[in-house]
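Scroll down for the structure; my scribbles are underneath it.
The values are calculated or read from the model by the stated rules, or taken from the named source; none is laboratory data. Everything quoted here is computed from the prediction, not taken from an experiment. Cβ placement follows ideal geometry from the backbone for every residue including glycine, while neighbour counts extend to all protein chains displayed.
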Ligand code: NCD
């Protein structure tokens, strides 16, 4: 029988860190673990990170610390932004992106892989195709582990950076109408974002192809928090009232029947013509990668926030690393 590690009294706890600080040595597994106060704290640290990056670019807050970046699914932004975040903080990274070339391809289990990496690294970032896999891995390591996407489950660090983007761009979250569009069934970013937004006074609209609705579980959790939500199969009715339009890609890799994917992949495409019906003061977001859901003709529209969103992600991930390592 495996005895779960006690992270409160971990033999790895380094001397001299701010051990009383929130999230010190804690795992980041789901957005459900955050309160609004936590978010204020994380975003305040993210602001400091933004300021430091602007002033000096790279600094030594996490000098000597090592991040293991373990990705069992493809990634560009999440993996590169954690690497950039760690290096801008003066730390270093063990990148394991090509698990095909690691012992995983020899059949090594996830628990064994993380029990190995914790001996080399101070913090582990993990992306894995199975829901719940990151929570499972966390049971086997005393080092903090950060969920970078567990299949169609959650993507908490993306939701944090999405929320930070809304706050920075719109100046507030309370009172906003947020419309999520695209593959709401398999898109983990919208699962995490919808849950996180229940901490605010928002109205949620879900627009998706009929076969890709927001999962019942997420809808139930949002309902429980008393947040108004409504599903639609067309954008027309809700676009004019939206303060945020959050577009997602149809997640081809999650389809068993590629014929189905082909049928729905182009159902919603945001073009300059479509955006004529949107408010002047609103933002168009996308976690990226986009594969045609937003026309490139929109990239110069000031409402197109998706590349600015990428930038905010760096500051939020720097904040998270500093926080879990007790240096915020
Ligand atoms: C997202 C993901 O991996 O869930 N990408 C990301 O992390 N920015 C969205 C996607 O792949 O569609």
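Given the structure, is residue 298 surrounded by 14 or more Cβ atoms within 10 Å (Cβ to Cβ) and at pLDDT 95 or above?
Judged against the criteria, residue 298 is a match.
Check off (1) in a loop (DSSP other than H, G, I, E, B); (2) away from the ligand (no atom under 14 Å from the Cβ); (3) under 16 Å from the mean Cα position of the chain (by Cα) for residue 63 and give me the number that stays unchecked. Among (1) in a loop (DSSP other than H, G, I, E, B); (2) away from the ligand (no atom under 14 Å from the Cβ); (3) under 16 Å from the mean Cα position of the chain (by Cα), the lone unmet condition for residue 63 is (3).
Annotation note: Cβ proximity below 6 Å between a residue of region 298-325 that is farther than 17 Å from residue 89 by Cβ and a residue that is at pLDDT 95 or above and surrounded by fewer than 16 Cβ atoms within 10 Å (Cβ to Cβ) (sequence gap 6+ or interchain) occurs for 298/272. If only residues of region 238-253 that are touching a helix residue (DSSP H, G or I) at 6+ places or on another chain (Cβ under 9 Å) and in a helix (DSSP H, G or I) are counted, the one that is nearest to residue 303 (Cα to Cα) is 239. Residue count for region 141-181 satisfying the condition of being in a loop (DSSP other than H, G, I, E, B), in contact with a helix residue (DSSP H, G or I) (Cβ under 8 Å, 6 or more places away or on another chain) and either farther than 12 Å from residue 28 by Cβ or near the ligand (Cβ under 10 Å from one of its atoms) (or both): 10.
Condition first: in contact with a helix residue (DSSP H, G or I) (Cβ under 6 Å, 6 or more places away or on another chain) and buried (at least 23 other Cβ atoms within 10 Å of the Cβ). Now tell me which residues in region 185-195 satisfy that.
Filtering region 185-195 for residues in contact with a helix residue (DSSP H, G or I) (Cβ under 6 Å, 6 or more places away or on another chain) gives 186, 189, 191-195.
Of everything in region 185-195, those that are in contact with a helix residue (DSSP H, G or I) (Cβ under 6 Å, 6 or more places away or on another chain) and buried (at least 23 other Cβ atoms within 10 Å of the Cβ) turn out to be 189, 191, 192, 193, 194.
For region 267-315, the set of residues classified as in contact with a strand residue (DSSP E or B) (Cβ under 7 Å, 6 or more places away or on another chain), within 12 Å of the ligand (Cβ to nearest atom) and either assigned to a helix (DSSP H, G or I) or more than 25 Å from residue 43 (Cβ to Cβ) (or both) consists of 293, 306, 309, listed by residue number. Annotation note: of 222, 190, the sole residue that is without any contact (Cβ under 8 Å) to a residue 60 or more places away in the chain, within 13 Å of the ligand (Cβ to nearest atom) and either outside any strand (DSSP E or B) or at negative phi (or both) is 190.
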